[in-house]
Amino acid sequence: MRRAAKIDDNQKEIVEQLRRCGVSVAVTSMMGNGFVDIIVGHDGGNYMIEIKDGAKTASRRKLTKDEQKWHDKWKGQVAVADDLDDCLKIIGLIKS
């Protein structure tokens, strides 16, 4: 059964900022069932990113049960980001 997707407060801003950096962003949070929030295309690569709100406490940034299940089953790249810098590190635009 599909569960309604809850969007983190910082998602819209992160998506806008990523697009200003010249990368492609597909918003996929509406898919629900634990699927990642965005897919970012940069320099020939695709990056699946789950966005969490870095302003919230660590316990409120944890993956939901559906997200954890999806991440555990996914055999490709997937990452969690709390902010724009995390996203830029994931896609290689800034060094860790």
### Task
For the range 51-69, name all the residues that are within 20 Å of V25 (Cα to Cα) and free of Cβ contacts under 8 Å to residues at least 40 places away in the same chain.
E67
### Task
Name the residue, out of K62, K89, K95, that is of a type outside the set (A, V, I, L, M, F, W, C), under 20 Å from V23 (Cα atoms) and in contact with a helix residue (DSSP H, G or I) (Cβ under 9 Å, 6 or more places away or on another chain).
K95
### Query
Say we look at the range 41-54 and pick out the residues that are exposed (fewer than 13 other Cβ atoms within 10 Å of the Cβ) and of a type outside the set (D, E, K, R); which of these is nearest to the chain's Cα centre (by Cα)?
G45
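Filter the range 65-80 down to the residues that are touching a helix residue (DSSP H, G or I) at 6+ places or on another chain (Cβ under 9 Å) and among the hydrophobic types (A, V, I, L, M, F, W, C), then identify the one that is farthest from H42 (Cα to Cα).
To start, the set of residues in the range 65-80 that are touching a helix residue (DSSP H, G or I) at 6+ places or on another chain (Cβ under 9 Å) comprises 77-80.
Then drop every residue that is not among the hydrophobic types (A, V, I, L, M, F, W, C), which leaves 78-80.
Working: V78: 15, A79: 15, V80: 17 Å.
Only one residue fits best here, namely V80.
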### Summary
When restricted to L63, L88, the only residue in a helix (DSSP H, G or I) and of a type in the set (A, V, I, L, M, F, W, C) is L88
### Summary
Picked from the range 37-46 (must be assigned to a loop (DSSP other than H, G, I, E, B) and out of contact with any Ser or Thr (no Cβ under 6 Å at 6 or more places or on another chain)), the residue farthest from G76 (Cα to Cα) is D43
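Could you tell me which of the residues T28, T57 is surrounded by 12 or more Cβ atoms within 10 Å (Cβ to Cβ), among the polar types (S, T, N, Q) and either closer than 21 Å to D9 by Cβ or under 10 Å from the mean Cα position of the chain (by Cα) (or both)? Give the derivation first.
Working: T57 fails: surrounded by 12 or more Cβ atoms within 10 Å (Cβ to Cβ).
Step by step, each of T28, T57 is checked, and only T28 is surrounded by 12 or more Cβ atoms within 10 Å (Cβ to Cβ), among the polar types (S, T, N, Q) and either closer than 21 Å to D9 by Cβ or under 10 Å from the mean Cα position of the chain (by Cα) (or both).
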### Message
Condition first: free of Cβ contacts under 8 Å to residues at least 60 places away in the same chain, crowded, with 17+ Cβ neighbours inside 10 Å and out of contact with any Asp or Glu (no Cβ under 8 Å at 6 or more places or on another chain). Now tell me which residues in the range 1-25 satisfy that.
### Response
V15, V25
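Name every residue in the range 71-94 that is over 13 Å from the mean Cα position of the chain (by Cα) and of a type outside the set (D, E, K, R), in order of residue number.
Here is the first cut: in the range 71-94, the ones over 13 Å from the mean Cα position of the chain (by Cα) are 72-76, 92-94.
The answer is W74, G76, G92, L93, I94.
Throughout, read-outs are computed from the coordinates displayed, never taken from laboratory work. Because the structure is predicted, anything quoted here is derived from the model rather than measured. Neighbour counts run over all protein chains shown; Cβ positions are idealised from the backbone, glycine included.
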